[in-house]
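Asks: Before we start, here is the structure in question, set down as structure tokens.
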Amino acid sequence: MMFIGIEIGGTKLQLVAGTSNGAILDRRRLAVAPASGGEGIRQQIAATLPELVHIHRPAAIGVGFGGPVDWRTGRIECSHQVPGWHGFPLGDWLRRQVPIPVHIDNDANVAALGEARFGAGRDRNPVFWINMGSGIGGGLVENGRLYHGAIPGEAEIGHLRLDRDGTILEHRCSGWAVDARLRAAANTHPDGILAGLVRDLARGEARFLVPALNAGDPDARRILAEVSEELAFALSHAVHLFHPEMIVMGGGLSLVGAPLRDAVAANLPRFLMDSFQPGPEVRLAGLGEDSVPVGALALAASRLDAAV
């Protein structure tokens, strides 16, 4: 049985066709132009989805959306990255495009489901997911099922406050926030290794963090230390609340790889109470950049099964 999975993010739009075991057999990846807003993304979906449905004859569609969602109805609360989504009935709109069952959830929830079932969290329970992309999201899977709190949104770790002044984790550790840290460091030390790598960029500097680390740049080491400590501090709250067996780190910033994972894992026990030591295992996403689309396939299949 075939399914369609859709990922709608702040910078990325993916539509895939695949099976209930998470195998992607066909893919359409499109760039998002934030200035075109939600309407521009919907036009891209409307131009692409019917072809995939015609080719693969899916039983249902699963969607991971980058923002708070009423998962019961598919109504979007808002997008924190792209305008034009507030209150939009995405589920109803998609069903008008193609007359098959549609199931929508927050993209971090959907990624958590994909990683818990088919990725790094497989055979672990519970699994907490943190996504570090243009924004930061979280998701919790217990016994193979998503945790859902009151509508809308749950496990919104990106909006966890780091202080009483309103600084949230997303302000400090999202991909865009790390880009800004690297730009600031390059401006402060214009003759440094980091400045030479990111000069004249206005976005995407975070991808040069690893080369700068490998070259021994002190600013890169400082930024990694700061980001990993703040991530570990925020994750300690998730551990105290949910006590997951595993934390899975994904999203574009997780492509920094082992240096970031190792630093977060080393910092996390500092913030945990004694009875929770040494804390959960921390892993990088096993599905790479496919955590959301694979999770969307799993979402479509699981909701279809539940309806039978």
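Asks: Would you calculate, for the chain, the mean residue ellipticity at 222 nm contributed by helices, counting each DSSP H stretch of 4 or more residues as -39,500 (n - 2.57) and dividing by all residues, to the nearest 500?
Replies: Taking each H run of at least 4 residues, the total per residue is -12500 deg cm²/dmol.
Asks: Need one number: nm distance between label points at Ile151 and Ala59, each 7 Å from Cα along Cα→Cβ, rounded to one decimal.
Replies: 2.6
Asks: If you take the charge dipole of the chain about its Cα centre, with +1 on Lys and Arg Cβ and -1 on Asp and Glu Cβ, which of Ala108, Asn267, Ala46 is farthest toward its positive end?
Replies: Going by the Cα projections, it comes out as Ala46.
Asks: Please arrange Leu13, Leu241, Leu169 by how many other C-beta atoms lie within 10 Å of their C-beta, fewest to most.
Replies: Starting with the residue having the fewest Cβ neighbours, the order is Leu241, Leu13, Leu169.
Asks: Between Thr167 and His243, what is the label-point separation in nm under the 7 Å Cα-to-beta-carbon projection?
Replies: 3.2
Asks: If each residue's Cβ is checked for other Cβ atoms within 10 Å, how do Ser275, Ser79, Ser36 rank with the fewest at the top?
Replies: Ranked by crowding around the Cβ, least crowded first: Ser275, Ser36, Ser79.
Asks: Could I get the Rg over Rh figure for segment 107-172? Both from C-alpha atoms, Rh via Kirkwood, rounded to two places. All intermediate terms of the calculation are to be shown ahead of the outcome.
Replies: Values: Rg = 12.6 Å, Rh = 12.3 Å.
Rounded to two decimals, Rg over Rh is 1.02.
Asks: If I build a Gaussian network model for the chain, linking alpha-carbon pairs within less than 10 angstrom, which residue out of His189, His237, His159 has the largest mean-square fluctuation?
Replies: Judging by the Gaussian network model, the answer is His189.
Asks: Could you work out how far helix 175-188 tilts from the main Cα principal axis of the chain, as a 0 to 90 degree angle to the nearest 10?
Replies: For helix 175-188, the angle is close to 30 degrees.
Asks: With springs only between Cα atoms under 10 Å, which of Met246, Met273, Met132 fluctuates most in a Gaussian network model of the chain?
Replies: Met273
Asks: To the nearest 0.05, what FRET efficiency results for Ser275 and Asn125 with a Förster distance of 22 Å applied to their C-beta separation? Don't jump to the answer; show the numbers that get you there.
Replies: On the way: r = 19 Å, r/R0 = 0.88.
Result of the calculation: an efficiency of 0.70.
Asks: Can you list, bin by bin at 5 Å, the percent of alpha carbon pairs in segment 1-151, starting at 0?
Replies: 2, 10, 19, 23, 22, 15, 7, 1, 0
Asks: Additional query: Would you mind giving the average projected area, over all directions, of the Cα convex hull of segment 236-308 in nm² with one decimal? Write out the running numbers ahead of the final one.
Replies: Numbers: hull surface 24.3 nm².
Its average projected convex-hull area is 6.1 nm².
Asks: Send over the semi-axes of segment 89-135's equivalent ellipsoid, whole angstrom and largest first, taken as the square roots of 5 times the C-alpha gyration tensor eigenvalues.
Replies: For segment 89-135, the ellipsoid semi-axes come out as 27, 14, 7 Å.
Asks: Would you please name the GluC sites (Glu not before Pro) within segment 182-270 that are DSSP coil residues with at most 15 other C-beta atoms within 10 Å of their C-beta?
Replies: Those that pass, being in a loop and sparsely packed, are Glu245.
Asks: Can you pull the Rg over Rh of the chain, Cα-only, Kirkwood?
Replies: Answer for the chain: 0.98.
Asks: Anyone know which of Glu154, Glu170, Glu281 comes out most mobile in the 10 Å Cα GNM of the chain?
Replies: Glu281
All of the numbers you see were taken from the coordinates with simple rules; none came from a lab. Small disclaimer: the values here were computed from a predicted structure and weren't measured. Here the Cβ is made from the backbone with ideal geometry for all residues, glycine too, and neighbour counts use every protein chain on show.
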